[in-house]
Amino acid sequence: MSLQETYFVVLAGLSLLLATATAFGTWLVRRTREAAKLAWIGQMNTRIRRAWSIVLLFAIAFTLGGGALLVLFAIASFFALREFVALTPIRASDHAALVVAFYVVIPVQYLLIAADWYAMYAVFIPVYVFLVLPVVMALGRDTEHYLMRIAKVQWGLMICVYCVSHAPAIVTLELGGFEGRGAMLLLYFLVVLQASDLFAVIASALIGRTPLKSNPNKSREGVLAGGAAAVLLGTALFRMTPFAWWQATLMALAIVVAGFMGGLVLTSVERSLGARIWTDDGVLLTRGTLQRLDALTFAAPVFFHLTLYFFAP
Amino acid sequence: MNLPIKFLPPLVWLVRVLVGAYPRWIGSVPSANQRIYFANHSSHMDTLVLWAALPDALRANTRPVAARDYWGAGGIRQRIAQQELNVVMIDRTREDPDADPLEPLQEALDLGFSLILFPEGTRQPQPLPGPFKSGLYRLAKAFPQVELIPVYLENLHRSMPKGALLPVPIICTVSFGAALRLAPGEEKEAFLERARDAVAALAEMEAVVA
């Protein structure tokens, strides 16, 4: 099978799977009357809908190429950073630092990825921006809460720009015997990540006992079972990757664990800012770019670097 | 003008993309309980921003109160007001001195709707709210079961230096505070002052939290 055909088959298969899941979810909603059941079916359906965005991303990467994908993720970074800045208190004297963050750091980071200049985009934000932004802010001469203010902007940039940008960077990885199939590896990453979330919700509804503090819609048992199922799925899909089956198991495990940590950390951040909220009947409101990207922010750089470290020639 | 509004992206989506309208639930959580959200008013966008910050499920049952002389003046504004926001029109000009301007609000509350209200009556140039008009007090008295939620609308642009070379993206945040109730025997002035302070306190929190 040529590369084109493989892509087409994978895309068609995934669409079919999701269409079935969507139809099944809709059918469940129609025949269910109990409020508690409806709540978790709603949770599941939200995630199935979100999984469609993976098909869309993949279709874009496949038809328009990596450039279009980078533009999409740059926009996602912009909205995530805007949301992060909106939720943290900002002073007038932060203006210059924010201008640099929005109009310089985001485009430069993605341009560096487009130029495939790994040695630079791996250190641009953690080293150069980290050193330059405090200077920009110090020139503003406002020293009140100085360290806290600069720490927040840097943290926001790391999560919203640096971490997010490593997802489209997966496409650019040049791996021995796997040339030109980066989009497939990105798809593998996104499918495993999304599956662990979806399976955790389903398993929590079926066998859940101890609700998680960070998310009452998931239970400890459900997260473990769902994570295990996602690792199995990741193993089964090893032909999409340059990994042997047991390597795929470990990689999927890394994605699932890092994704869970990302959700945990960003939930804590958003909760401390009053931005992640549950209605009085315990339904999490899905709102905001940060919330949708939380698992990805941690999993993308981890998956990227593990792959690069162990599989690049 | 007959614009095909139905073919445009949903209004709420547009507002969220352009100005953010990020909600922060500080003292209360989203709930289907009947509520009056009352907020500071300093921009024409305020009604849209508060409305867009509400969760989808609640928005359908929440109606903004809007001045007839601004939102009812025809054109696209009136179309948005009627077709998207489902506003309750209030008569600010009081052409008929005998009519009670609060009557349409009471009707909406009787029907079980929640309301979005700007008790200052008109836009204020300063970030902190000005004195409140008495309508909020009269509604609180007539509908004691309705939760009164103070809301502070913050536009990041206002706190940025004027005339800067590059503006940062426009970002509106919407802080929801703890519900207020009219205390037994509470005087009108005292209650309105307390309500205003509740909104002002959210503004302080926005500025101080570090």
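The values are calculated or read from the model by the stated rules, or taken from the named source; none is laboratory data. Everything numeric here is computed off the predicted structure, so don't read it as measured data. Positions of Cβ are backbone-derived with ideal geometry, glycine not excepted, and every protein chain shown enters the neighbour counts.
For the stretch A:86-103, indicate whether the set of residues that are assigned to a loop (DSSP other than H, G, I, E, B), within 25 Å of residue A:167 (Cβ to Cβ) and at the interface with another protein chain (Cβ under 10 Å from one of its Cβ atoms) is non-empty. Within the stretch A:86-103, one or more residues are assigned to a loop (DSSP other than H, G, I, E, B), within 25 Å of residue A:167 (Cβ to Cβ) and at the interface with another protein chain (Cβ under 10 Å from one of its Cβ atoms). Restricting attention to the stretch A:33-89, the residues that are β-branched (Val, Ile, Thr) and exposed (fewer than 14 other Cβ atoms within 10 Å of the Cβ) add up to 2.
Looking across the stretch B:20-57, the residues that are part of a helix (DSSP H, G or I) and modelled with pLDDT under 85 come down to B:56, B:57. Scan the stretch B:12-53 for residues that are more than 10 Å from chain A (Cβ to nearest Cβ) and out of contact with any helix residue (DSSP H, G or I) (no Cβ under 9 Å at 6 or more places or on another chain) and the total you get is 3.
The listed residues are A:78, A:73, and the only one of them that is closer than 18 Å to residue A:163 by Cβ, within 8 Å of chain B (Cβ to nearest Cβ) and at pLDDT 90 or above turns out to be A:78. Return yes or no: is residue A:113 buried (at least 17 other Cβ atoms within 10 Å of the Cβ), without any contact (Cβ under 8 Å) to a residue 60 or more places away in the chain and away from chain B (no Cβ under 13 Å)? Here the answer is yes, as residue A:113 does meet what is asked. Just one of (1) surrounded by fewer than 15 Cβ atoms within 10 Å (Cβ to Cβ); (2) away from chain A (no Cβ under 14 Å) fails for residue B:56. It is (2). Annotation: of all residues in the stretch B:181-194 being in contact with a helix residue (DSSP H, G or I) (Cβ under 6 Å, 6 or more places away or on another chain) and of a type in the set (A, V, I, L, M), the one that is nearest to the other protein chains (Cβ to nearest Cβ) is B:182. Residue-level check: of (1) more than 14 Å from chain A (Cβ to nearest Cβ); (2) part of a helix (DSSP H, G or I); (3) without any contact (Cβ under 8 Å) to a residue 60 or more places away in the chain; (4) basic (Lys, Arg), residue B:63 misses just (2).
Among the candidates A:219, A:214, A:196, the residue that is farther than 21 Å from residue A:69 by Cβ, touching a strand residue (DSSP E or B) at 6+ places or on another chain (Cβ under 9 Å) and touching a residue at least 12 places away in the same chain (Cβ under 8 Å) is uniquely A:219. For the stretch A:136-154, taking the residues that are touching a helix residue (DSSP H, G or I) at 6+ places or on another chain (Cβ under 9 Å) and assigned to a loop (DSSP other than H, G, I, E, B), the one that is farthest from residue A:102 (Cα to Cα) is identified as A:144.
Against the test of being touching a residue at least 24 places away in the same chain (Cβ under 8 Å) and under 26 Å from residue B:154 (Cβ atoms), the options B:47, B:93 yield a single qualifying residue, B:47.
Checking each residue in the stretch A:1-32 for being free of Cβ contacts under 8 Å to residues at least 12 places away in the same chain and under 22 Å from the mean Cα position of the chain (by Cα) picks out only A:17. The set of residues in the stretch A:159-186 being out of contact with any Pro (no Cβ under 8 Å at 6 or more places or on another chain) and among the aromatic types (Phe, Trp, Tyr) is empty.
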